[in-house]
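The values are calculated or read from the model by the stated rules, or taken from the named source; none is laboratory data. Note that this is a predicted model, so its numbers are computed, not measured. Don't worry about glycine lacking a Cβ; one is built from the backbone with ideal geometry, like all the others, and counts go over all protein chains shown. Just so you know, the surface numbers come from the protein's heavy atoms only, side chains and all, with ligands and any DNA or RNA stripped out. Shrake-Rupley method; radii C 1.70, N 1.55, O 1.52, S 1.80 Å.
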Amino acid sequence: MRKRRGLSQRELAAESGVSLPLIRKLEQGERNDTRLETARQLAVALCVPTTQLIADADGDDAPPATQWEPVRQALAATTRSGEPDELPTVAGLRDVLDSALPLFSGDRYAELSGILPALIRDADALAESSGAEGRALRARLMQLTGWLLTQTRQFAAAHTALERSLDEAPDAVLGAATVSTQCWLLLREGRLAAARDLASHWADDTEPRISRATPAELSAWGWLLLRLSAASVRDNRPDEADDALRLAHSAAVAMGREFAPGKDFLRAFGPVTVKLKRAENAMVSDRPDIVLRLAERTPTAGLRPTSNNRNRHLLDVAEAHVRSRQYEEAVDVLLGIRRAAPQWLPNQRYAHDILGRVIGRRRTLTPDMRVLADAIGVPL
């Protein structure tokens, strides 16, 4: 890539700010990895994505069990081997993490599995050397990593990442955001009582005075209430679920609109989010008619195309169509999700179950159904 850009090693060092000896080691194969911050500096100078320098070219085809093994190993590592040529910096790691956020919010798993091990190692090194600022950055990275691993059903590793995030959360509001993800992890594991107790405890402790609450406080409290409602409705406690949803609605009204404190997509909250969760509760309660009615009135077009909240809601819509015997409509919804989030959809067992029921009720399959079956992994 350097040669394609017409640069000498010395010129690349000057343009990137990376030391000439390190560039020589990387090119000569004396080192096969480097700090992610350093890789990003080189990528900027070479005008290529950082992932093009470090990600495994075969990452798209890697089986899920092995795709995340390097991330699990990085989380489990307690010591670093050897002395790095260049230590990460707070500003540099913050820039790298910010540039990686679209990969998280866009469900780009293949690229994330390539860059996360290096990013975790950099965050660990920085936390050891730079005090509170480095630990705050590592807490943010651990929350994102825990969310990603929950999404991809790497539950044991997700617990590790989220516990580390909570240990280093710089304040109670950011701690509550991590706890919200922990509650979601417990829900995905089927541990309803644990999720309900954790969400209830933290919601009580973080309840703000609404008239004076900041958007960050409203978001943190609102999400804990949504997790409480989700756990309660699944545990056949409909009254508790409705009470929690009502309080979350109060927080959303006070927020006034969909808003992500600190531009953190995991904390995006507002009236539309509450409506999506109301539809989710209706689906859990076997009320497909309510789900479809709410879907017609819920303005999801303004949400991110690959928003997991939006896509999770669309799975409820697809399921409601199946239960209403509207199979073609269900397939159309699933196709739309696949176009928006092709790496997210295969990780959703809910999607697998929905399509399985569609296929089970059809004597012949359309080409679209066969495409979806291949994408989601449903046997024909």
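Here are some notes:
- The set of residues from the stretch 37-70 being open to solvent by less than 50 Å² (accessible area, probe 1.4 Å) and either charged (D, E, K, R) or at pLDDT below 70 (or both) comprises Glu37, Thr51, Ala55, Gly59, Ala62.
- Residues that are small (Gly, Ala, Ser) and either under 29 Å from Phe155 (Cα atoms) or touching a strand residue (DSSP E or B) at 6+ places or on another chain (Cβ under 9 Å) (or both) within the stretch 331-380 comprise Gly336, Ala340, Ala341, Ala351, Gly356, Ala373, Ala375, Gly377, listed in sequence order.
- Test for Arg293: is it modelled with pLDDT of 95 or more, farther than 20 Å from Gly256 by Cα and open to solvent by 10 Å² or more (accessible area, probe 1.4 Å): yes
- The lone exception for Gln348 - which of (1) within 25 Å of Leu245 (Cα to Cα); (2) open to solvent by 60 Å² or more (accessible area, probe 1.4 Å); (3) under 27 Å from the mean Cα position of the chain (by Cα) it fails: (2)
- Among the residues listed as Ala203, Ala231, Ala213, Ala193, the single one being of a type outside the set (D, E, K, R), more than 12 Å from Val179 (Cα to Cα) and in contact with a Phe, Trp or Tyr (Cβ under 9 Å, 6 or more places away or on another chain): Ala213
- Single unsatisfied condition, Gly356 versus (1) under 27 Å from Ala248 (Cβ atoms); (2) open to solvent by less than 60 Å² (accessible area, probe 1.4 Å); (3) not hydrophobic (A, V, I, L, M, F, W, C): (1)
- Test for Val284: is it aliphatic (A, V, I, L, M), touching a residue at least 12 places away in the same chain (Cβ under 8 Å) and open to solvent by 50 Å² or more (accessible area, probe 1.4 Å): yes
- Only one entry in Arg164, Arg94 is open to solvent by 20 Å² or more (accessible area, probe 1.4 Å), over 16 Å from the mean Cα position of the chain (by Cα) and under 16 Å from Ala76 (Cα atoms), namely Arg164.
- Of all residues in the stretch 17-32, those that are of a type outside the set (Phe, Trp, Tyr) have Cβ atoms under 6 Å from Cβ atoms of residues that are part of a loop (DSSP other than H, G, I, E, B), 6 or more apart or on another chain, in Leu22/Asp85; Lys25/Arg31.
- Sole residue being exposed (fewer than 13 other Cβ atoms within 10 Å of the Cβ) and not aromatic (Phe, Trp, Tyr), chosen from Arg370, Arg338, Arg361: Arg361
- Filtering the stretch 344-377 to residues that are within 27 Å of Leu103 (Cβ to Cβ) and in a loop (DSSP other than H, G, I, E, B) leaves Trp344, Gln348, Gly377.
- Among the residues of this structure, Arg312 counts as one that is surrounded by fewer than 21 Cβ atoms within 10 Å (Cβ to Cβ) and without any contact (Cβ under 8 Å) to a residue 40 or more places away in the chain.
- Filter result for Ala203 (over 28 Å from Leu345 (Cβ atoms) and either over 16 Å from the mean Cα position of the chain (by Cα) or open to solvent by less than 10 Å² (accessible area, probe 1.4 Å) (or both)): yes
- Residue list for the stretch 208-257, restricted to those being open to solvent by 60 Å² or more (accessible area, probe 1.4 Å) and of a type in the set (Gly, Ala, Ser): Ser211
- Which numbered condition Thr206 fails, given (1) closer than 21 Å to Val272 by Cα; (2) touching a helix residue (DSSP H, G or I) at 6+ places or on another chain (Cβ under 6 Å): (1)
For every residue, the table says whether it meets (1) out of contact with any Phe, Trp or Tyr (no Cβ under 8 Å at 6 or more places or on another chain); (2) closer than 22 Å to Ala110 by Cβ; (3) of a type in the set (A, V, I, L, M, F, W, C).
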{"residue": "Asp316", "(1), (2), (3)": "yes, no, no"}
{"residue": "His321", "(1), (2), (3)": "no, no, no"}
{"residue": "Ser324", "(1), (2), (3)": "yes, no, no"}
{"residue": "Glu328", "(1), (2), (3)": "yes, no, no"}
{"residue": "Val331", "(1), (2), (3)": "yes, no, yes"}
{"residue": "His352", "(1), (2), (3)": "yes, yes, no"}
{"residue": "Arg357", "(1), (2), (3)": "yes, no, no"}
{"residue": "Arg363", "(1), (2), (3)": "yes, no, no"}
{"residue": "Met369", "(1), (2), (3)": "yes, no, yes"}
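- Every residue from the stretch 129-151 that is touching a residue at least 12 places away in the same chain (Cβ under 8 Å) and open to solvent by 10 Å² or more (accessible area, probe 1.4 Å): Ser129, Ser130, Ala132, Glu133, Arg135, Ala136, Leu137, Arg138, Arg140, Gln143, Trp147
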